[in-house]
Structures are given as structure tokens and as C-alpha cells.
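Trainee: I'd like to ask you about the structure that follows.
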Amino acid sequence: MKGWVVTGLFVVFEGADGTGKSTQVAAVSEALKKAGHDVVVTREPGGSVVAETLRSIVLDPAHDIDPTTEVLMFAAARADHIAQTIRPALDAGKIVISDRFVGSSIAYQSAGRGVDETAVADINLYATGNLVPDVTVVLDLDETVAGNRRVDRGAIVDRMESAPDGFQQAVRASFLAQAEAAPERHLVIDATQPPEAITQQVLTYLQCEHGVQL
Ligand SMILES: Nc1ncnc2c1ncn2[C@@H]1O[C@H](COP(=O)(O)OP(=O)(O)OP(=O)(O)O)[C@@H](O)[C@H]1O
Ligand SMILES: [Mg+2]
């Protein structure tokens, strides 16, 4: 006899640099934990021992990494992240909240660096074993505002963030295009709103669209 098939909920936050992803990952996960849910908070690149090691290499401004290598390194980190962290948590029925996922590879390596989008998508289908987030929240913000927020925060500039002018605009446009291509699993949010308003919008969406109890 088959037992219950327990599947968790996979929620991803995407957006260009400084759009408020980490702020929302923290606030939304806190609210869900308070409501009694078992929540695993993670990030990309990283989220597992090997993937965090790859992160330290791929984001290090000291390295000159060509775009193809970059695509493969992010994908390798993602495969390990899924195998070690995401899949086990989802199989155990938990809510997984990740700061970035495949959408960032499409936005940064394809729209940003110019790698063929089909190639990036295909490599990631292989890396993820076709795991697609249930919800991808896209935090949409003008790149100048986002850049100023990061300066105010005193952020250290990594390899991806030191990319040339026009890069952040291309990244932003890609996230919006991805959401438009699959609106049923994306939630685009105006990230100029106060953090609390954004958190509430995400929670309401999870409640209405995925039956998450609050
Ligand atoms: N809705 C908001 N309104 C105003 N400021 C915000 C908002 N959300 C976050 N911030 C501030 O903007 C800065 C960047 O936020 P955060 O680090 O969450 O962005 P991020 O998308 O994770 O950035 P990165 O891409 O660098 O990881 C922080 O100083 C944060 O406090
Ligand atoms: Mg962040």
C-alpha cells in the first residue's frame, strides 16, 4: 500500500542586486515559522557545503572566470544544493525558501553576460532534474534605487556586482520576462514599497494560492 505522498513548498526570491531579497527571505520565513511551519532558509550560490565552497570561488573578484565556466559553476553548485538541502527538505514536507535559484542564472549569465539562453536553460534542467519552484517572487526595482540601497548598506562588491553599465537593467528585464512567460508561478512585486508591505503581499499570496495557513 502506498503511504501519503508528502511534498513541501518551494519558494524562491529573485531580483537584481539590492532589491530586498535577503530582507524578505528573513521576514517571510520568520512569519511562517511563527505560524508553526517547518521552514528551511537557504541561498544561492550556496546552501550546502560544496555549493558554499563553489560560491566563494565564483563570487571572488580576484578570479577571471569566462561566462561558460561561470554557467557551469553555478549549475554545479545548484545540483549539490538540491541534492543535499532542497530535495530532502521538500521530501520531508517542509517549506523551503531560497534567496535566488535558476532565474538568476538566466538573468545574470544569459541576459547579463550574453550566454545563449537555451544553453543556460538546458544546463539548468539537467542540474535541477527539472525541479521548478512553486512560487518565484520577483522583487522589481529601478537599478539606481537598488544600487543606492546597497551603498547605504555598505555592501562589499563581488564579481557579479562589479559588472559593466547596463548589466543590472538587463538582469531586471530578464526577471520580468521570465515572470511574464510563466505568470502562474511568479509573483512580481513593486519593491519600492516598505518592507512590511512586501512581506504581507507575499504571505497573502502563499495563503490564497497555496493554502499556507497563517
Ligand atoms: N522595501 C525596502 N525599502 C527600503 N529599503 C529596503 C527595502 N528592503 C530592503 N531594504 C534595504 O536595502 C538594502 C538591500 O536589501 P537586501 O540586502 O535585502 O537586498 P538583496 O536583494 O538581498 O541584495 P543583494 O543582491 O546584495 O544580496 C538593505 O540595506 C535593506 O535594509
Ligand atoms: Mg542578499
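Trainee: Among 152, 165, which is within 16 Å of ligand 1 (Cβ to nearest atom) and farther than 11 Å from residue 19 by Cα?
Mentor: 152
Trainee: Out of contact with any Pro (no Cβ under 7 Å at 6 or more places or on another chain) and crowded, with 16+ Cβ neighbours inside 10 Å, is that true of residue 159?
Mentor: Answer is no for this residue.
Trainee: To continue, here is another question. Tell me, which residue of segment 1-18 that is aromatic (Phe, Trp, Tyr) and at pLDDT 95 or above is nearest to ligand 1 (Cβ to nearest atom)?
Mentor: The residue in question is 13.
Trainee: Something else about it: Among the candidates 118, 68, 128, single out the residue that is under 19 Å from residue 42 (Cβ atoms) and of a type in the set (S, T, N, Q).
Mentor: Criteria check complete, one pass: 128.
Trainee: Looking for something under 15 Å from the mean Cα position of the chain (by Cα), surrounded by 23 or more Cβ atoms within 10 Å (Cβ to Cβ), within 16 Å of ligand 1 (Cβ to nearest atom) and small (Gly, Ala, Ser) - is there at least one such residue anywhere in segment 19-40?
Mentor: no
Trainee: Answer yes if at least one residue in segment 35-46 is among the charged types (D, E, K, R) and either within 12 Å of ligand 2 (Cβ to nearest atom) or in contact with a Gly (Cβ under 6 Å, 6 or more places away or on another chain) (or both), and no otherwise.
Mentor: For segment 35-46, residues among the charged types (D, E, K, R) and either within 12 Å of ligand 2 (Cβ to nearest atom) or in contact with a Gly (Cβ under 6 Å, 6 or more places away or on another chain) (or both): present.
Trainee: Next up: Has segment 89-104 got at least one residue that is part of a helix (DSSP H, G or I) and basic (Lys, Arg)?
Mentor: no
Trainee: Any residue in segment 187-214 that is outside any strand (DSSP E or B) sitting within a Cβ distance under 7 Å of a residue that is of a type in the set (S, T, N, Q)? List the pairs, counting only those 6 or more apart or interchain.
Mentor: 191/19; 195/23; 198/24; 199/24; 202/24; 214/207
Trainee: Also: Of everything in segment 131-154, what is surrounded by fewer than 14 Cβ atoms within 10 Å (Cβ to Cβ) and either touching a Gly at 6+ places or on another chain (Cβ under 7 Å) or modelled with pLDDT of 95 or more (or both)? Give them in sequence order.
Mentor: 132, the sole residue that qualifies.
Trainee: For segment 193-214, how many residues are of a type outside the set (D, E, K, R), surrounded by 13 or more Cβ atoms within 10 Å (Cβ to Cβ) and more than 13 Å from residue 28 (Cβ to Cβ)?
Mentor: Matching residues across segment 193-214 total 1.
Trainee: Residues that are on the phi > 0 side of the Ramachandran plot, within 14 Å of ligand 1 (Cβ to nearest atom) and part of a loop (DSSP other than H, G, I, E, B): does segment 51-70 have at least one?
Mentor: no
Trainee: Let me ask something else about it. Restricting to segment 156-186, what's the tally of residues that are in a helix (DSSP H, G or I), within 16 Å of ligand 2 (Cβ to nearest atom) and of a type in the set (D, E, K, R)?
Mentor: Selection size over segment 156-186: 1.
The values are calculated or read from the model by the stated rules, or taken from the named source; none is laboratory data. Just so you know, these numbers come straight off a predicted model, no measurement behind them. Positions of Cβ are backbone-derived with ideal geometry, glycine not excepted, and every protein chain shown enters the neighbour counts.
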